[in-house]
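These notes concern the structure reproduced below.
The values are calculated or read from the model by the stated rules, or taken from the named source; none is laboratory data. Just so we're clear, the structure is a prediction, and the values are computed from it rather than from any experiment. Because the Cβ atoms are built from the backbone with ideal geometry, glycine has one as well, and the counts that use them run over all protein chains shown. Calculation scope for accessible area: heavy atoms of the full protein, side chains included, ligands and nucleic acids excluded. Shrake-Rupley method; radii C 1.70, N 1.55, O 1.52, S 1.80 Å.
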Amino acid sequence: MPVTLSDRDFDHAVNDAIDQVPDNFIELLDNVVILVEDDPPDDEPDLLGVYDGVPLTERGDNYGFVAPDRIILYRNPLRDMCDTTDELVEEIAVTVVHEIAHFFGIDDDELDEMGWA
């Protein structure tokens with residue numbers, strides 16, 4: 001059964017997760033916005049989050065004057081996969097870290113090795 005957490009409380013959990021990321025990493029998140037949407041694209045209904053942008057490791061010297069990269073968390077799949085509020089808050093934090101890692105050029109295999117997949 002999905003966790004019933006208000007949109008406002010969900011957003012607070014996202015902000016709390018961001019606050020837990022060490023400042024030295026947050027300071028490097030240049031030109032990145034973190035958004036929450038209700039649902040992922042229809043072709044990926046179980047997607048919890050996505051990083052949409054150019055990872056730091058792929059940016060050249062000429063990188064600039066571009067729209068912000070986006071980290072999007074999908075509220076409904078996250079709610080649906082969790083049985084408790086505590087579990088949901090933990091999964092939000094894991095998803096935030098996971099997507100921020102993609103910004104730094106860390107792929108899913110490396111995240112899996114680190115225990116964050």
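Efficiency by 1/(1 + (r/R0)^6): what FRET value for ASP109 and HIS12, r their Cβ-Cβ distance, R0 = 35 Å, to the nearest 0.05?
After rounding, the FRET efficiency stands at 0.65.
Helix 85-103 versus the longest principal axis of the chain: what angle, 0 to 90°, nearest 10, using Cα atoms?
For 85-103 against the chain, the angle is about 10 degrees.
Can you work out the accessible area per residue across the chain, with the rest of the protein chains kept in place, probe 1.4 Å, in square angstrom?
62 Å²
What FRET efficiency do you get for VAL66 and GLU37 if R0 is 30 Å and r is their Cβ-Cβ distance, rounded to the nearest 0.05?
Step by step, r from the Cβ atoms, then E = 0.90.
Is region 1-70 best put as rounded, prolate or oblate by its Cα gyration tensor, with a ≥ b ≥ c the root eigenvalues, rounded for a/c under 1.5, and otherwise prolate when a/b is larger than b/c, oblate when not?
Oblate shape, in that a/c is at least 1.5 and b/c is the bigger or equal ratio.
Mind telling me which of THR84, THR57, THR95 comes out most flexible in a GNM of the chain, alpha-carbon contacts under 10 Å?
THR57
In a GNM of the chain with a 10 Å cut-off on Cα contacts, which of GLY64, GLY53, GLY105 has the highest mean-square fluctuation?
Answer for the Gaussian network model of the chain: GLY64.
I'd like the carbon and sulfur percentage of the solvent accessible area for the chain, probe radius 1.4 Å, heavy atoms only, ligands and nucleic acids excluded.
On the way: 3500 of 7310 Å².
Heavy-atom surface of the chain belonging to carbon and sulfur, 1.4 Å probe: 48 percent.
Taking every pair of alpha-carbon atoms in region 17-108, what share in percent sits in each 5 Å bin, from 0 to the bin with the longest distance?
Spelled out bin by bin, region 17-108 gives 3, 13, 23, 23, 18, 11, 6, 2, 1, 0 percent.
Rounded to the nearest 5, what % of the DSSP beta bridges within the chain are antiparallel ones? Working shown, then result.
On the way: 4 of 10 bridges.
If we restrict to bridges inside the chain, about 40 percent are antiparallel.
What angle, in degrees between 0 and 90 and rounded to the nearest 10, separates the Cα long axis of helix 7-20 from the longest principal axis of the Cα atoms of the chain?
50 degrees
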